[in-house]
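The block underneath contains the structure these notes are about, expressed in structure tokens.
The values are calculated or read from the model by the stated rules, or taken from the named source; none is laboratory data. Since we're looking at a predicted model, the values are computed, not measured. Note: ideal-geometry Cβ built from the backbone for every residue, glycine included; neighbour counts use all protein chains shown.
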Amino acid sequence: MDEFELIKRYFSKLSNNKSSLNLNDDVFFDKTKNLVISVDTYVEGVHFLNFKNPELVIKKILRSSISDLICKGVHPKYYFISGSGDNKSFSKKNLTLISKSLKQEQTKYSIFLSGGDTVFSKKLSFTITTVGFSNKIVLRNKAKINDDIYVTGNLGDSYIGLKILKNEINIKDKLKNYFRKKYFNPDLCVNLTKKLISIANTSIDISDGLISDLEKLINKQNLSYKLNLKDIPISNNLKKLINLKKIKKLQCISHGDDYQILFTASKSKSRIIAKTSKSLGIKISKVGKIYGNSQKSQIIDEKNKKIRLKYKGYFHKF
């Protein structure tokens with residue numbers, strides 16, 4: 001079963017308050033206390049390959065965690081981190097590197113470590129809880145028919161970085177370093193946070209893949225979508241790989257780990273979004289449109305033909 005079936009079958013009845021958002025969003029939101037909380041767990045071999053570069057892994061998982069709040073229009077303020085591992089993973093050298101990286105991230109995003117826990121285990125994992133404050137957030141399942149679909153930044157670079165780390169793609173060192181950096185240090189659109197609430201009807205971060213996360217965004221609504229492959233933003237370096245026939249564009253956008261913001265907005269907001277993009281220096285691309293359930297969701301290629309997807313993205317299976 002997938003994560004939504006698991007929640008529905010075993011846990012939905014345990015949560016009956018509005019703040020839990022029916023366990024269908026990535027955050028807890030208590031409007032009366034202006035409190036927003038998110039929790040994420042990362043396991044070695046599942047969410048990151050190994051711990052050879054602890055200073056990079058810790059940055060990646062922290063950014064992945066605060067991304068859950070950023071895409072809701074909330075600036076993260078505090079974080080708690082718990083780790084399970086052995087003496088090798090948590091050696092003095094590694095702990096020094098982890099501490100240094102966390103300090104850099106705290107300065108970059110104005111967040112503060114506020115607690116956590118450690119457990120001895122042969123399996124390395126981290127759980128991060130992030131906390132922010134707001135009286136309003138951008139929820140899931142609030143898309144409207146005829147909404148435009150937007151994506152920030154570029155997609156696919158992180159996936160290429162992962163393939164490079166797995167030695168599945170062989171390219172020049174300069175490109176290797178670029179994609180490797182994008183894998184470990186995802187670009188977060190933190191400056192868009194305050195503006196997002198006023199322009200977006202619904203939003204999510206792209207962690208599991210564009211298609212997968214779009215379907216989660218509207219999963220309890222009788223809606224469909226149409227995406228235009230040519231409009232989905234990718235970097236110039238990824239275009240180089242595609243031109244070299246190292247990979248296909250559709251493959252790159254379906255694997256996630258981008259942590260860009262995927263949101264829908266009314267057509268009337270298009271000018272405001274364009275101005276916001278320009279003033280903040282943040283790339284925001286319109287990639288499709290929301291429709292009713294009278295037609296099936298579809299992706300259209302450059303020749304205006306429907307694409308049959310073999311892989312939509314990552315889905316948590318149990």
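Looking at (1) in contact with a Phe, Trp or Tyr (Cβ under 8 Å, 6 or more places away or on another chain); (2) of a type outside the set (K, R); (3) in contact (Cβ under 8 Å) with a residue 12 or more places away in the chain, which one does N154 not meet, given that it meets all the others?
Among (1) in contact with a Phe, Trp or Tyr (Cβ under 8 Å, 6 or more places away or on another chain); (2) of a type outside the set (K, R); (3) in contact (Cβ under 8 Å) with a residue 12 or more places away in the chain, the lone unmet condition for N154 is (1).
Quick one: count up the residues across the stretch 132-146 that are among the β-branched types (V, I, T) and buried (at least 20 other Cβ atoms within 10 Å of the Cβ).
2
So D257 clears everything in (1) surrounded by fewer than 21 Cβ atoms within 10 Å (Cβ to Cβ); (2) part of a loop (DSSP other than H, G, I, E, B) except one condition, right? Which one?
It fails just one condition, (1).
Return the residue satisfying two criteria in turn: it lies in the stretch 92-150 and is among the aliphatic types (A, V, I, L, M) and in a helix (DSSP H, G or I), and of such residues it is nearest to L196 (Cα to Cα).
L102
Name the one entry in S285, S212, S203 that is of a type in the set (S, T, Y), at pLDDT 90 or above and out of contact with any strand residue (DSSP E or B) (no Cβ under 8 Å at 6 or more places or on another chain).
Only one candidate passes the filter, namely S212.
Which of the numbered conditions does N141 fail, given that it passes all the others? Conditions: (1) in contact (Cβ under 8 Å) with a residue 12 or more places away in the chain; (2) under 28 Å from S84 (Cβ atoms).
(2)
So L238 passes all but one of these: (1) surrounded by fewer than 19 Cβ atoms within 10 Å (Cβ to Cβ); (2) over 28 Å from E5 (Cβ atoms); (3) of a type in the set (A, V, I, L, M, F, W, C). Which condition number does it fail?
(1)
So which of V43, V36 is over 19 Å from S110 (Cβ atoms), of a type in the set (A, V, I, L, M) and either assigned to a helix (DSSP H, G or I) or in contact with a strand residue (DSSP E or B) (Cβ under 6 Å, 6 or more places away or on another chain) (or both)?
V43
Which numbered condition trips up S101, out of (1) surrounded by fewer than 21 Cβ atoms within 10 Å (Cβ to Cβ); (2) touching a strand residue (DSSP E or B) at 6+ places or on another chain (Cβ under 9 Å)?
(2)
From I171, I204, I149, grab the single residue that is touching a residue at least 40 places away in the same chain (Cβ under 8 Å), surrounded by fewer than 21 Cβ atoms within 10 Å (Cβ to Cβ), more than 16 Å from K60 (Cβ to Cβ) and among the hydrophobic types (A, V, I, L, M, F, W, C).
I171
Scan the stretch 175-185 for residues that are modelled with pLDDT under 95 and either crowded, with 19+ Cβ neighbours inside 10 Å or touching an Asp or Glu at 6+ places or on another chain (Cβ under 9 Å) (or both) and jot them down.
none
Matching residues to (1) of a type outside the set (A, V, I, L, M, F, W, C); (2) in a loop (DSSP other than H, G, I, E, B); (3) not assigned by TED's automatic domain parsing to the domain that holds S65:
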position: S207; (1), (2), (3): yes, yes, yes
position: I211; (1), (2), (3): no, no, yes
position: Y225; (1), (2), (3): yes, no, yes
position: K239; (1), (2), (3): yes, no, yes
position: I272; (1), (2), (3): no, no, yes
position: I290; (1), (2), (3): no, no, yes
position: S294; (1), (2), (3): yes, yes, yes
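Evaluate the stretch 169-180: report whether one residue or more is touching a Gly at 6+ places or on another chain (Cβ under 6 Å) and in the same structural domain as T264 (by TED's automatic domain parsing).
Checked the stretch 169-180: at least one residue is touching a Gly at 6+ places or on another chain (Cβ under 6 Å) and in the same structural domain as T264 (by TED's automatic domain parsing).
A quick yes/no check of all residues on (1) farther than 14 Å from C252 by Cβ; (2) within 17 Å of the chain's Cα centre (by Cα):
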{"residue": "V119", "(1), (2)": "yes, no"}
{"residue": "S125", "(1), (2)": "yes, no"}
{"residue": "Y150", "(1), (2)": "yes, yes"}
{"residue": "N154", "(1), (2)": "no, yes"}
{"residue": "K166", "(1), (2)": "yes, no"}
{"residue": "K181", "(1), (2)": "yes, yes"}
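Any chance the stretch 54-67 includes a residue that's surrounded by fewer than 20 Cβ atoms within 10 Å (Cβ to Cβ) and either outside the structural domain of T129 (by TED's automatic domain parsing) or more than 30 Å from L139 (Cα to Cα) (or both)?
yes
Could you tell me which residue of the stretch 296-305 is surrounded by the most Cβ atoms within 10 Å (Cβ to Cβ), considering only residues that are of a type outside the set (G, A, S) and either more than 26 Å from the chain's Cα centre (by Cα) or in a loop (DSSP other than H, G, I, E, B) (or both)?
So the residue we want is D301.
Out of everything in the stretch 24-53 that is surrounded by 15 or more Cβ atoms within 10 Å (Cβ to Cβ), in contact with a Lys or Arg (Cβ under 9 Å, 6 or more places away or on another chain) and of a type in the set (A, V, I, L, M), what residue ends up being modelled with the highest pLDDT?
V36
Specify which of the listed residues (S82, S91, S12) is over 21 Å from D187 (Cβ atoms), modelled with pLDDT under 95 and small (G, A, S).
S12 is the lone residue from the list that is over 21 Å from D187 (Cβ atoms), modelled with pLDDT under 95 and small (G, A, S).
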